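The values are calculated or read from the model by the stated rules, or taken from the named source; none is laboratory data. All figures in this text were calculated on a predicted structure; none of them were measured in a lab. When we count neighbours, we look across all protein chains shown, and the Cβ atoms used for this are built from the backbone with ideal geometry, even at glycine. SASA here: full protein model, heavy atoms, side chains in, ligands and nucleic acids out. Shrake-Rupley method; radii C 1.70, N 1.55, O 1.52, S 1.80 Å.
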Amino acid sequence: MSESNNTAATAPYIEFVHVSKAFDDQPVLVDVSFEVRRGEMVVVLGRSGVGKSVTLKHILGFLQPDEGQVFVAGKEVSRMTERELVDIRRRVTMVFQSGALFDSLTVGENVAYPLRERATRDLGLDEDAIQSRVDELLARVELSEMKESLPADLSTGMKRAVAIARALAAEPEAILYDEPTTMVDPLMAQTIGDLILKLKRETGLTSLVVTHDMRLARKLADRIVFLEDSRVAFYGPVSELDSSQEPIVRDFVQLDEVSFLKRS
Ligand SMILES: Nc1ncnc2c1ncn2[C@@H]1O[C@H](COP(=O)(O)OP(=O)(O)OP(=O)(O)O)[C@@H](O)[C@H]1O
Ligand SMILES: [Mg+2]
C-alpha cells in the first residue's frame, strides 16, 4: 500500500476532542477525547447511565457539547448546517437500542425503506433493483426466509438483525450500534456479535459499538474507550485492557472472568 493510501486508511472519521457535556449542572461527559479511524471498530464500554447513548447523539448532531468539539468526516458537527446534518445522518447510520422497526411493515419493507427514500431523492433504484438489494441484505444477516414476516413475529435478536440490515441499506460510511446485545440471551448475544464482526470484515465499515458487555467488546474492538464517572478511564487496544490499573477496568475484567468460569 502506498503511503498516501495508508494515511487515508488511518485518518479519523469520528473524533471527540476534549468534549464535556452536562444536563442541569450534572456532568455526563467530562473532557472526553477519542477517535475512530476509517475502517476501524471502536467499542465504547461502560456502566449503565455513564453517557454512552449521549456520546452517540453527539456524533449525529442531536446533542451539542458544552465544551470541546466533535468531528465527523472531517467537519465539526456543531458547525454543520441543517442540510449537512441531514447528509451526515445518511452517511452515518445508527442501529438503535430498541431496534426501532416499523411495526406495520414487513421485514423486507423495513429494509427497503432507506432504499425507497433514496430512490425518490436521487431517482436511484427501480423496484427490481430494490428487491434484489433487500434480498442481498437479508441474506447477509441470515434472515432471507423472514422477508414477508412482520416484526411482531420475530425474536428480539432477529429484530436487531433486521435493524442492522436496514442500517446497511443506506450504504453508510459508518455505522453506530447502541447496545446491540442487551435484552437478548447469551447465545443470541453471541450470534449478533458474530454478525457485527462478519459485516465489519466484509464491508470494512467504520464502526462504533456502545455496550456494557465486556465479552462483546473483546470480540469486536480494535480499540476500547472505557467511560467511568463521566471520564475516559481507559483508551487503547483490547490487548492493553488487561494490564490497565484503573480500578473500574479491573473490576470489569475480573467480573467477566468470573462469569466466564461460571458459564464454562
Ligand atoms: N436529554 C437529556 N436531558 C437530561 N438528561 C439526560 C438527557 N440524555 C441523557 N441524560 C442523562 O445523561 C446520563 C447518561 O445517559 P445515557 O443515556 O447516555 O446513558 P447510557 O450510558 O447510554 O446508559 P444505558 O446503558 O442505560 O443505555 C443519564 O444520567 C441520563 O439521565
Ligand atoms: Mg444507552
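Based on the Cβ-Cβ distance of E171 and M80, what FRET efficiency does E = 1/(1 + (r/R0)^6) give at R0 = 22 Å, to the nearest 0.05?
Once rounded, the FRET efficiency stands at 0.60.
Residue separation times 0.36 nm, minus the C-alpha to C-alpha distance between Q131 and M183: what's the value?
Gain on stretching Q131 to M183: 15.6 nm.
Tell me, what is the percent relative contact order of the chain, built from C-alpha pairs under 8 Å that lie six or more residues apart?
Across the chain, relative contact order equals 24 percent.
Calculate, in nm to one decimal, what R90 and A139 gain on full extension: separation in residues at 0.36 nm each, minus their alpha carbon distance.
The R90-A139 span can extend by a further 15.4 nm.
Taking just the alpha-carbon atoms of the chain, what radius of gyration and Dmax come out, in angstrom?
Cα-based Rg and Dmax for the chain come out at 18.8, 56 Å.
How would you rank 181-193, 239-251, highest first, on the average number of other Cβ atoms within 10 Å across their residues?
181-193, 239-251
Which shape class, rounded, prolate or oblate, goes with the stretch 207-249 when its Cα gyration tensor gives a ≥ b ≥ c as root eigenvalues, a/c under 1.5 marks rounded, and past that a/b bigger than b/c marks prolate?
Oblate is the answer for the stretch 207-249, as a/c is 1.5 or above yet b/c matches or exceeds a/b.
How many lysine pairs are close in the chain, with Cα atoms under 27 Å apart and the two 8 or more places apart or on different chains?
Counting lysine pairs in the chain gives 23.
Would you please give the FRET efficiency between T10 and E67, computed as 1/(1 + (r/R0)^6) with r the Cβ-Cβ distance and R0 = 30 Å, to the nearest 0.05?
For T10 and E67, the calculated efficiency is 0.65.
Before I look further, what does the chain give for accessible area per residue, probe 1.4 Å, in whole square angstrom?
Solvent-accessible surface per residue comes out at 50 Å².
Please report the antiparallel percentage of DSSP beta bridges with both residues in the chain, rounded to the nearest 5.
50
Based on the Cβ-Cβ distance of D24 and E117, what FRET efficiency does E = 1/(1 + (r/R0)^6) give at R0 = 45 Å, to the nearest 0.05?
Between D24 and E117 the formula returns 0.80.
Just to confirm the number: angle between the C-alpha axis of helix 127-140 and the first principal axis of the chain, 0 to 90 degrees, nearest 10?
40
Taking the highest mean first, how do the peptides 216-223, 86-93 order by number of other beta carbon atoms within 10 angstrom per residue?
Most protected by this proxy first, the peptides run 216-223, 86-93.
When the accessible area of the chain is split by element with a 1.4 Å probe, what percent falls to carbon and sulfur?
51
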